[in-house]
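Okay, structure first, notes after.
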Amino acid sequence: MSLLDGLNPPQRDAVIHQGSPLLVVAGAGSGKTRVLTRRIAYLLGERGVAPYEVLAITFTNKAAAEMKERVADLVGDRAKAMWVSTFHSACVRILRQEASRLGYSNSFTIYDSSDSVRLLTVIIREMNLDAKQYAARAIAGIISAAKNELQGPADYRNSTTNHFEEIIAEIFAMYQKRLGAANAMDFDDLIGKTVEVLQRFPEARARYRSRFRHILVDEYQDTNHAQYILVRELVGTIEDGFPLAELCVVGDADQSIYAFRGANIRNILQFEEDYPNARTVLLEQNYRSTQNILSAANAVISNNEGRKDKNLWSQEGAGEAITGYVAENEHEEADFVVGEIRRLRDSGESKPGDTAIFYRTNAQSRIFEETFLRSAIPYKVVGGVRFYERKEVKDFLGYLRVLVNPEDEISLRRIINTPKRGIGDRALDIIDQHAASAGISFWRALCDAKNAVGIPSRSLIAINDFIHLLDSLRTLVEARTKPSVIAQAVLEQSGLLAELVNSADPQDEGRVENLQELVSVATEYEESEVDEGEEISLSGFLEDVSLVADSDQIPDGEDHGGVVTMMTLHTAKGLEFPTVFLTGMEEGIFPHSRTLGERSEIEEERRLAYVGLTRARQRLYLSRSEYRSSWGAPTYNPPSRFLAEIPENVISWNTVTSSLKPRSSAPRSFGPPPRATGKRVESAIVLEVGDRVSHDTFGLGKVVAVNGSGDRAEATIDFGSSGEKRLLLRYAPVERL
């Protein structure tokens, strides 16, 4: 098969272009993933480019894995040597090599957003600030926004305009200092510190510019300023002495809907100004939707100014007219949606699993959920508490992170009394005072707790037991034990599992399943193909977990068979469904009330409407309510302006109501998720002082002490040149000689 087979002329042009920078403006459903994968395959297969010279950036780990797999299908296993990853994953790989230049060790910890909030909470309390006025979560957002602009604490301080911002600057400075002391970086640092390495250290810059000769960036309209500068640094300039990397960016300004996350639409709109010799290829043929749907989307988005004009078209014909529906209130709107889903199911036109309901805000899902429960139609809300944000999962991961990096203060504080082991706030305050007076870290102060003035003896015993536990578990990491085995050891030895298993709270049964699932995740990591030159390790597993993006957790269409999918419009980007209901089309709802006075924000709302419209393949419903409840009282909202922008000839307004209302029925129970099994480790070997043993990692040794019994049995073994090691025998790969 030729790598150009099945491509339309603009797609073919984008694949074979070489030399100057390339902007591929890929309209919704126009085959951008096909173009990207074929272009990479063409580089490797037809232009003789080495796989290690290619860096392809996507916005989710799922998209990266899919792209790598599709390229491998085209050109074989050598594609696995490419870097195909998210911005954050690529930066982690660079920083694992280069972080020492900035004073970090290469085993630095990655803090996610909740870790950042916890650290800021500690700092705000230590600074005796009002936690309501200086809310940790809000300040985390301010700091993140500054870092997205590549501002550090000093830059932020120089831009302050009032006392509140000056205090924020102090918090920012302390936050960054504490991150450094903990050998940790937050997500925004991963980008910013990589840019810093490339800008400050010419030899590092030269290494990556000489390596990556071809750089491809997907979803370029979603890049923020820091990511934009990172790409510029990697591509290079003529003054560097290296030829510029061949840059190809793919995106669609009309689908730029993440300004609230720091995405800067100017990056794609001004690409030709940034790279004056750039070439632009427009992909306008749509392979997803019918022409009526595309005509509606084209008409709506054409009302935005300053955009590159394009016109989506399809060879699939006009298709069904869009259905418009005006409900009396939100209850009738939900009844109409359920009634249509039933009608389509019963007539064989569309299954519930082919159906999505979109809304502007999460709060709008409630009425649909209640209506679906009454109607016994299974549904799934994409949103809510994500797996890795659940408390028990965060606690578990906290243990694993401390095993990799004991200086990780936030994780250490999280787990020190979880489950409760008698180390209370008073004891921790004394440890903090000891750390401050001795000029040592929180971890070092814990290890030196016996010298902390005023520490109660009961607290000292509990702290020493805690450190003893961590030391025993860290030996497993040192021995390069599989992450799944370390995870099981943490579960059993820490008491996390026993606390939940012995709980009378029925919800704790589900929490046990979540912890079991995390062991399964570790096992899957071990069985997956890791990148060339990387070994399976606990730090590698934690990296994978840290880099999981929200959008990676959206279920594939085939995964939920007959289940209707409900989600916000922001979550819907990148997905498609045969049947789509776009609900709440009212001024103040969509577009949202907070955007009504600002042209740039209304334009972002219009792009959001464009995204919603173009998710539909065959059937599209647009509905609104004449009034809906707000603070317990009816609120009357006029129709959304976006409805008026749709040509009348592509939409048919449905006025039938009562006959479509579903009959009430009892809510259906779908039961708990299946229980993860996880692999069990073998029973502990029984050893005695004087026994000679062999260990897979540490070699030959002699048992010098034995403590504990059963699952908690441990032995101190002298391995000669490797020193004495205290091993938890249940998990240690030792044999008696």
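The values are calculated or read from the model by the stated rules, or taken from the named source; none is laboratory data. Computed from a predicted model, the values in this text were never measured in an experiment. Cβ atoms come from the backbone with ideal geometry, glycine included; neighbour counts cover every protein chain shown. Just the protein is used for accessible areas: all its heavy atoms, side chains included, with ligands, DNA and RNA removed. Shrake-Rupley method; radii C 1.70, N 1.55, O 1.52, S 1.80 Å.
The table that follows gives values for the structure above.
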read-out: Under 5 Å, built H, 5+ apart or other chain: amide partners of residue 186; value: 111
read-out: Solvent-accessible surface ranking, highest first, for 342, 118 at 1.4 angstrom; value: 118, 342
read-out: Rounded to whole Å, sorted largest first: equivalent-ellipsoid semi-axes of the stretch 296-433, Cα gyration tensor; value: 50, 24, 15
read-out: Of the DSSP H helices in the chain, those whose Cα atoms cover at least 24 Å axially and whose Kyte score averages -0.5 or more; value: 163-181, 457-478
read-out: The stretch 321-386 pair-distance distribution - Cα-Cα, 10 Å bins, rounded %; value: 17, 55, 25, 2
read-out: Largest to smallest principal axis extent of the C-alpha atoms in the chain, angstrom; value: 89, 69, 60
read-out: Mean projected area (nm²) of the alpha-carbon convex hull when the stretch 162-204 is viewed from all directions; value: 3.9 nm²
read-out: The stretch 445-510-the stretch 231-286 distance, computed between alpha-carbon centres (Å); value: 49 Å
read-out: Hull shadow area, averaged, the stretch 349-420 [alpha-carbon convex hull, nm²]; value: 8.2 nm²
read-out: Normalised per residue, the volume of the convex hull around the Cα set of the stretch 189-235 (Å³); value: 69 Å³
read-out: Sequence-distant residues sharing a close amide H with residue 84 (under 5 Å, placed H); value: 56
read-out: Residue 523 - accessible surface, heavy atoms, 1.4 Å probe, Å² rounded to 10; value: 10 Å²
read-out: Residue 595 - accessible surface, heavy atoms, 1.4 Å probe, Å² rounded to 10; value: 10 Å²
read-out: Accessible area (Å², per residue) of the chain, counting only protein heavy atoms and a probe of 1.4 Å; value: 44 Å²
read-out: Quotient of Cα Rg and 2.2 N^0.38 Å for the stretch 16-94, N being how many residues it contains; value: 1.07
read-out: Reachable aspartates and glutamates, given that their alpha-carbon falls under 18 Å from the alpha-carbon of residue 450 and they are not under 8 places away in the same chain; value: 425, 429, 432, 465, 471
read-out: Protein-only accessible surface order, largest first, of 636, 52 at 1.4 Å; value: 636, 52
read-out: Ellipsoid equivalent to the stretch 148-236 - semi-axes via the Cα gyration tensor, in Å; value: 29, 16, 11
read-out: Förster-model FRET efficiency, 60 Å R0, residue 232 and residue 451, C-beta, rounded to 0.05; value: 0.70
read-out: For the stretch 364-468: Kirkwood Rh in Å [reciprocal of mean 1/r, alpha carbons]; value: 16.4 Å
read-out: Part-to-part distance (alpha-carbon centres) for the stretch 2-20 and the stretch 127-164, which is given in Å; value: 47 Å
read-out: Accessible area of the chain belonging to carbon and sulfur atoms, whole % at 1.4 Å probe; value: 48 percent
read-out: Whole-number Å³ per residue for the convex hull built on Cα positions in the stretch 253-361; value: 159 Å³
read-out: Over the stretch 132-190 - Rg/Rh using Cα atoms and the Kirkwood inverse-distance radius; value: 0.94
read-out: The stretch 572-652: Cα Rg divided by the 2.2 N^0.38 Å rule of thumb; value: 1.14
read-out: Listed residues 420, 450, 482 arranged by accessible area, highest first, probe 1.4 Å; value: 420, 450, 482
read-out: Against the rule of thumb 2.2 N^0.38 Å, how large the Cα Rg of the stretch 76-207 comes out; value: 1.18
read-out: Translational D in µm²/s for the stretch 146-294 (Stokes-Einstein at 20 °C, 1.002 mPa s, Kirkwood Rh from C-alpha pairs); value: 120 µm²/s
read-out: Rounded accessible area of residue 709 (nearest 10 Å², 1.4 Å probe); value: 90 Å²
